[in-house]
Structure formats: structure tokens, C-alpha cells
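Everything on this sheet refers to the single structure shown next.
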Amino acid sequence: MLYALGRHLGRIASGELDERTLYAQSRHHRVPRPRRVAPGVLVCPICGLSARRFLRFGLAGRRNAVCPGCGSVERHRLLWLYLTRSTDLMRRRYRILHTAAEPALQERLKPRHGRRYVTLDRDDPDADIRADLTRLPFPDGHFDVILSSHVLEHVRDDQLAMAELARVLRPGGWAVLMVPFDPTSDTREDRTLDTPAARLAAYGHPFHYRIYGRDLPDRLALAGLAARILAADRLLTPHLKRRHRVNANFLLLCRKAGQ
Ligand SMILES: [Zn+2]
């Protein structure tokens, strides 16, 4: 995840800076560190930091978004709360594929699962494996679990990427996916929009190809994954959402049929 996309928007829109160059530079993935953090009512469930305020994030400068301790944003904290409260991921050892791994989650998953835990990214030089989601270098059924947050919207041929994710998941395995998601509409996608500037105007991000909607489970079913939409509002109480700074967000819990 890039922490300072806004700073580069001018050069991105003009075509001077492309997506792959930007994501290939480690410094853009580095967690911002504030000089001093005043303790307060906000608590990060990932790193445990207590703070009066979190840092701003995103093109709109969303307040109280980034944890000053581990760099997590709202969706990372929701994913972590789900994984630790509702799955046995931190009690059992699994073969895990984690795409575009969030540093805060990676730091905690790697020690638990060791070499069975593999991070993959198309451009990030720090990933274990550099590969494209539409051509995964793993045999069929290799992984028990896949974690993929905010990656599919960056892939032009997302149906192929979903099929690849399903292929490398073992029968009976599960995946948690997160994407920009609007449950009130169908997926919004215009394949004629081919410049970062046009995509920024349409989707709010220069490198996104779509905003997913309520038909996403149908797309995943075509790939062989049975998906259930889980809303943050149903997973967490209002108190927990406030305390951990989790916003209205959605997870897709996917299962591949079989044993
Ligand atoms: Zn944190």
C-alpha cells in the first residue's frame, strides 16, 4: 500500500510516473513514523498502540486512519480482527498466500506460519515472490488459505486473477478478499477508461479498474469460489469499531468446494 499517493498524483496523471515504477520502490511502502504519540482512547488491535489520534490517510485526507505504531489503516484492522476473532489462523499452521501483504499483518503472520507463509507482489521488491496474479507460479491446490486485500481492483483481467486464486487454493481451502466495494450497486467498470486520469475521475484512484458491487459473489462463483459478504457492521459492535477505528467496510469469505 502506498502512503503518499497524493504527492505523486500530478506526475501520475501526466503519464510521467506509471503504476509499476511507483509500486516497485520500497520507500513508498514504508510506514510513516510520527515524532510523538499521545496515548488516548483509540487502540490498534494489531500492534496494541493507544493513541489520542491516528494519522490522516488517502487522497481525501481521512482523519484518524493510519495507526502511528504499525501503519495499519481501517481495513487492515478489520481484517486482523476478523482473522483473530473468527478464524483459527493464529492457532493452527497453514500454507498461506498473502498478496500485497500489509507490513503490520506480515510481521505477525510470518513468525506463526514460518516458511508456509508466502507473500506475493507484482512489483514490490520486498515480497517473497514477484509474480502477476493472473499467472501464479504455484501448483494446483498448493495453499490452505489466501489473503488478498485491495489487489483485484488493480488487475485488468480480474476474472483470470480470480480463477488463478481458485486454482492454487486447495479444495476445502478458504480465502479472505477485500476490494473497494459498494453493496448498493452492481460493479462499476468502464473498459474504455484507459488513462490514470480518467480512472481517478471515475473510481477515485488512478490505478483502479473498477469499483466492485453486489454481483461480486457471482464473479467469484464463475472462478469456482463460493463467497459470502461480511460487513464490518455485523462483525463488530459500534464500540469496537470506534475504539479500533474501523469504518464501514466489507470482507468476502470465499471457499473452494471439496475436502
Ligand atoms: Zn497499529
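Express in whole angstrom the spacing between the alpha-carbon centres of region 105-161 and region 61-75. Their Cα centres are 23 Å away from one another. Among 240, 152, the sequence by solvent-accessible area, most first, with a 1.4 Å probe is 240, 152.
Could you check how many percent of all C-alpha pairs in region 67-125 are farther apart than 16 Å? So the pairs more than 16 Å apart make up 46 percent of the total in region 67-125. Taking only protein heavy atoms and a 1.4 Å probe, the accessible area of the chain is 49% carbon and sulfur. For region 122-127, putting each phi into the Karplus relation 6.51 cos²θ - 1.76 cosθ + 1.60 with θ = phi - 60° gives couplings of 6, 10, 5, x, 8, 6 Hz, in residue order, rounded to whole numbers and with x for Gly and Pro.
Legend note: in the chain, cysteines whose Cβ sits 4.7 Å or more from every other cysteine Cβ are 254.
Take region 74-256 with all the other protein chains still there, run a 1.4 Å probe, and you get 44 Å² of accessible area per residue. For the listed peptides 220-226, 185-191, a ranking on the average number of other beta carbons within 10 Å per residue, highest first, reads 220-226, 185-191.
For the peptides 112-121, 142-151, 30-39, 52-61, residues were scored by their other Cβ atoms within 10 Å and the scores averaged per peptide; the highest-first order is 142-151, 112-121, 52-61, 30-39.
In region 74-256, Rg over Rh equals 0.95, where Rg is the alpha-carbon radius of gyration and Rh the Kirkwood radius from pairwise Cα distances.
The values are calculated or read from the model by the stated rules, or taken from the named source; none is laboratory data. This one's a predicted model, so the numbers in the text were calculated from it and none came from an experiment. Glycine also receives a Cβ, built like all others from the backbone with ideal geometry; neighbour counts cover every protein chain displayed. Side chains included, ligands, DNA and RNA excluded: accessible areas come from the protein's heavy atoms. Shrake-Rupley method; radii C 1.70, N 1.55, O 1.52, S 1.80 Å.
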